[in-house]
Each structure stands twice: as structure tokens, then as C-alpha cells.
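Data block below; observations after.
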Amino acid sequence: MPTEQQQRMAEAVAQIKENMAKAARAAGRRPEEVVLCAASKTQTVETVRASAVLPIDLFGENHVQELVRNADAGAYLGKPAHLIGHLQTNKIKKVLGRAALIQSVDSLRLLATLEKEAAKLNLTQAVLLEVNVGGEDSKTGLPEAELPRLLEAAAGMPHIRVEGLMTIAPLDVEPAETHRCFARLRELDAAAGAQHIPNLPMGTLSMGMSGDYAAAIAEGATIVRIGTAIYGARDYSRPPKH
Ligand SMILES: *Cc1c(COP(=O)(O)O)cnc(C)c1O
């Protein structure tokens, strides 16, 4: 790990933390209400480990194999790791008990399979439901209209705890539209939480990335997921090491 890269990451994280606190205060919120999730996809074990000493609260991985690799290498330095990318049902066993939170549950089938496998291991898996509140523009997450069906199903799953919602706002839209998406996610979460279902505590809102985290915090984000602003532009051409 060149010290120059280490220095750059340290400065970037300090700046992000300052921006996060500023956005929280501007919205009448306390800075402690929002945690920083480092989106570490495509980074090496060494880079992940070097970033873990910085004031990052937790890590978000898109790929199960990267989560397993980094966790096994101790690269998170004991900080929690979440899954933030699409989860295939055949990889569920690898993440159960390993991901403190699966943020990207986007189908009834996935939810039902998680319940079945968590029951076998006698554990309760915390999840967020990923909702596509941006409409056609964003490709991931369940359509808003399907959310009630998943919440209803989850209410009857004793090994699942739905802690809230996650979204990816569409890119390249007007700031007003970005704000609208984030505000909508907060409304959906609040409506679900108001039902007071024991294993659906809700209240966690994972929204906001490098380009829009200030807007997300203004609209109530409790987790922001930031990659590029910490690590720089991703290099997808480099084969993963280890
Ligand atoms: C890559 C990724 C992020 C971070 O995106 P940046 O624009 O690099 O900050 C956040 N959330 C998810 C789900 C991602 O895949």
C-alpha cells in the first residue's frame, strides 16, 4: 500500500465525514444518525484493509466472493460487512451469519429462501428490502407495487428481521427527482414501520452514493454507501487478486 494512496483515502474520508455532518445538521439531524458504508467492490484486500483503519463504519460488498475473501483475510478489521449487491439464491449459505445485514433483498423468492436457510442454521438474518423508487431508470430493486406483498410475507418469517429499505436513485436526473426518490423511500419505510410488526422494525434507510449522498441525508438516510469518492474510479479491467 503506497503511502500516497493511503493519504488520499484518509483525506477523502475526512472530507466525506465533514460533508455528511454538514448535510445532517442542515436537515436538523444529528451527524451520529448517519453511518458511512464503504462500497469496496473491485478493491484489493490490501486497499480494503488500509481503508478499514479510517473512520468508515462498515463495508458494503456487491459480490459474495469478495465479501468472503475480505472477511476471511480479516481485511475489515472487525468492522461489519453488509451485502449490497444482488444475491443469487445459490450463494445464500455463504452470506448467512457473515453479512450483518443483507441490504439487497429484491424478490419474494429470495426472501423465502433466506428464511428457509436461516431456519436451518437457527439464526435470524437482518435484511433491507431494495425498492426501485426511480421507476424504469434504475435496474435493480423490486417495483414499489410489490413491496406490500413482501412485507406481508416477511411478517410471517420468524428467521427474518426487516430493518428497513434500500434504494439506488436513478443517475443523470434532475436533483429534484433524486430528492423525490429518497423522500419516497422514507415514506414507504415509515408506513411499514407504523404497522408495528415485531420482526419488521424498519427505520433503516440505505440511500445515497458518491454523487447524491447529501441529498439522501437531507431526506432521511441512515446509511450512505460510498465507493468512488473514497477509493477513486473503479478499475474493472484488473483481475481480482487472491
Ligand atoms: C458501487 C455501489 C455503490 C457506490 O457507488 P459510488 O458511486 O462509487 O459511490 C453504492 N451502492 C451500490 C449498491 C453499489 O453497487
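Considering only residues that are aliphatic (A, V, I, L, M) and over 16 Å from M157 (Cα atoms), which ones fall in segment 193-213? Please lay out each step first, then the result.
Quick first cut of segment 193-213, residues aliphatic (A, V, I, L, M) only: 194, 197, 200, 202, 205, 207, 209.
Result: A194, L205, M207, M209.
Answer yes or no as to whether A221 is over 17 Å from H82 (Cα atoms), modelled with pLDDT of 95 or more and not in a strand (DSSP E or B).
no
When you look at V13, is it closer than 18 Å to I217 by Cα, aliphatic (A, V, I, L, M) and outside any loop (DSSP other than H, G, I, E, B), yes or no? It would help to see each step written out before you state the result.
Numbers: closer than 18 Å to I217 by Cα: yes; aliphatic (A, V, I, L, M): yes; outside any loop (DSSP other than H, G, I, E, B): yes.
Here the answer is yes, as V13 does meet what is asked.
Could you please find all residues in segment 189-215 being assigned to a helix (DSSP H, G or I) and touching a strand residue (DSSP E or B) at 6+ places or on another chain (Cβ under 6 Å)?
Across segment 189-215, the qualifying residues are D189, Y213.
Which condition does P2 not pass, out of (1) loosely packed, with under 15 Cβ neighbours inside 10 Å; (2) in contact (Cβ under 8 Å) with a residue 12 or more places away in the chain, if it passes all the others?
Unmet condition: (2).
Tell me, please, whether a residue that is of a type in the set (G, A, S), in a helix (DSSP H, G or I) and over 20 Å from the mean Cα position of the chain (by Cα) can be found in segment 160-182.
Yes - at least one qualifying residue is present in segment 160-182.
Restricting segment 80-136 to residues that are modelled with pLDDT of 95 or more, of a type in the set (G, A, S) and closer than 26 Å to A216 by Cα, which is farthest from the chain's Cα centre (by Cα)?
Once the filter is applied, the top-ranked residue is S107.
The values are calculated or read from the model by the stated rules, or taken from the named source; none is laboratory data. The shown structure was predicted, so the numbers you read here are calculated from the model rather than taken from an experiment. Cβ sites come from the backbone with ideal geometry, for glycine too, and all protein chains shown count toward neighbours.
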